[in-house]
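Please treat every number below as a calculation from the coordinates, not as lab data. Note that this is a predicted model, so its numbers are computed, not measured. Positions of Cβ are generated from backbone atoms using ideal geometry, with glycine treated the same way; all protein chains shown enter the neighbour counts.
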Amino acid sequence: MKKAVVLLSGGLDSATVLAIAKSQGYECYCLSLDYHQRHVAELKAAERVANSLGAAAHRTAQLDLSMFGGSALTDNNIDVPEAPTDGIPVTYVPARNTIMLSLALAWAETLGAQDIFIGVNALDYSGYPDCRQEYVSAFQRMANLATKSAVEGKTITVHAPLIDMTKAEIIKCGHALNFDYGMTVSCYQADSEGRACGLCDSCRFRKEGFANAGLQDPTHYQSRV
């Protein structure tokens, strides 16, 4: 069985990617990142998802990105927008995907795995530059220049199976794989129990996705919604 490192945030997209990787026969090693994010409840969700889908291992790396701030997800002085905004929103976390992919690359090389899965999406997303196919392809090229395993012929492939899918298509895909989205937390400002605000970008995309997919939304919302 081929090994793969799967980046698992605890949200809808990364959980779907884990379900896809499992369905393709990979032995999955899940990696989450505790970067002192506002929505820390997603880490508990990641643990639930990894256990439910039978991951071979699940590890959570610790890296305090709040020391830099610069994002509504790492700086409590910056409010999470509750209405659509122009340009790249303040929920963008500088270099987050690059950091997470680098950690996944290090673990993959240690495991002897040649595959990394990430749940980035370039359609129903907030305009983050590190969610584009150009970025994923560039990271893969870098990975195959930077690692001992690749130099010795065991090249790395970075899989982004959701990259061109709408949120509704992603949800339908997970539904076809019998995945329970009630385990996941997508909200940027979920409370300590994982209940969603229903107003941030991530909640909006998620609600619209379930509506467009014609499926019941299992999200647990805060009482104000």
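May I ask you to sort 34, 130 by Cβ crowding, counting other Cβ atoms within 10 Å and putting the fewest first?
Fewest to most other Cβ atoms nearby, the residues stand as 34, 130.
If you take the charge dipole of region 3-213 about its Cα centre, with +1 on Lys and Arg Cβ and -1 on Asp and Glu Cβ, which of 187, 138, 198 is farthest toward its positive end?
138
So how strong a dipole does region 90-225 carry about its Cα centre when Lys and Arg Cβ are +1 and Asp and Glu Cβ are -1, to the nearest 20 debye?
120
How much of the DSSP bridge set in region 3-213 is antiparallel, in percent, rounded to the nearest 5? Intermediate values should be presented prior to the final figure.
On the way: 0 of 17 bridges.
Percent antiparallel among DSSP bridges in region 3-213 is about 0.
Run the simple label-point estimate for residue 134 and residue 2 please: 7 Å along Cα→C-beta, distance reported in nm.
2.8
I need 151, 136, 17 ordered by Cβ neighbour count within 10 Å, fewest first. Before the final figure, lay out the partial values.
Numbers: 151 11, 136 21, 17 28.
Final ranking by Cβ density, sparse to dense: 151, 136, 17.
For the chain, compute Rh as the Kirkwood radius over C-alpha pairs and then the Stokes-Einstein diffusion coefficient at 10 °C and 1.306 mPa s; write the answer in µm²/s, rounded to an integer.
Numbers: Rh = 17.6 Å.
The Stokes-Einstein estimate is 90 µm²/s.
Rounded to the nearest 20 Debye, what is the dipole magnitude of region 68-154 about its Cα centre when Lys and Arg each give +1 and Asp and Glu each give -1 at the C-beta?
Here region 68-154 has a charge dipole of around 420 debye.
Before rounding to the nearest 500, sum -39500 (n - 2.57) across all DSSP H runs of length at least 4 in the chain and divide by the residue total; then give [θ] at 222 nm in deg cm²/dmol.
Per the formula, -11000 deg cm²/dmol.
Need the C-alpha centroid separation for region 17-34 versus region 160-206, integer Å.
Centre-to-centre distance over Cα atoms comes out at 16 Å.
Over the Cα atoms of region 37-134, what Rg and Dmax result, in angstrom?
Answer for region 37-134, Rg first and Dmax second: 15.1, 44 Å.
Measure off 7 Å from each Cα along the Cα-to-Cβ vector at residue 59 and residue 88, then give the distance between these two points in nanometres to one decimal.
In this crude label model, residue 59 to residue 88 measures out at 2.9 nm.
Just going by the charge dipole of the chain, with Lys and Arg at +1 and Asp and Glu at -1 on Cβ, which of 113, 209, 9 is farthest out on the positive end?
Towards the positive end, the residue furthest out is 113.
Check every DSSP H run in the chain and write down those whose alpha carbon atoms cover 15 angstrom or more along the long axis and whose mean Kyte-Doolittle hydropathy is 0.0 or greater.
The answer, listed by residue number, is 12-23, 96-111.
From the residues 157, 30, 56, which one has its Cα farthest along the dipole of the chain in the positive direction, the dipole being from +1 and -1 charges on Cβ of Lys/Arg and Asp/Glu about the Cα centre?
The listed residue farthest towards the positive side: 56.
Which whole-number percent of Cα pairs in region 38-89 have a distance greater than 18 Å?
Looking at region 38-89, the distances longer than 18 Å represent 51 percent of pairs.
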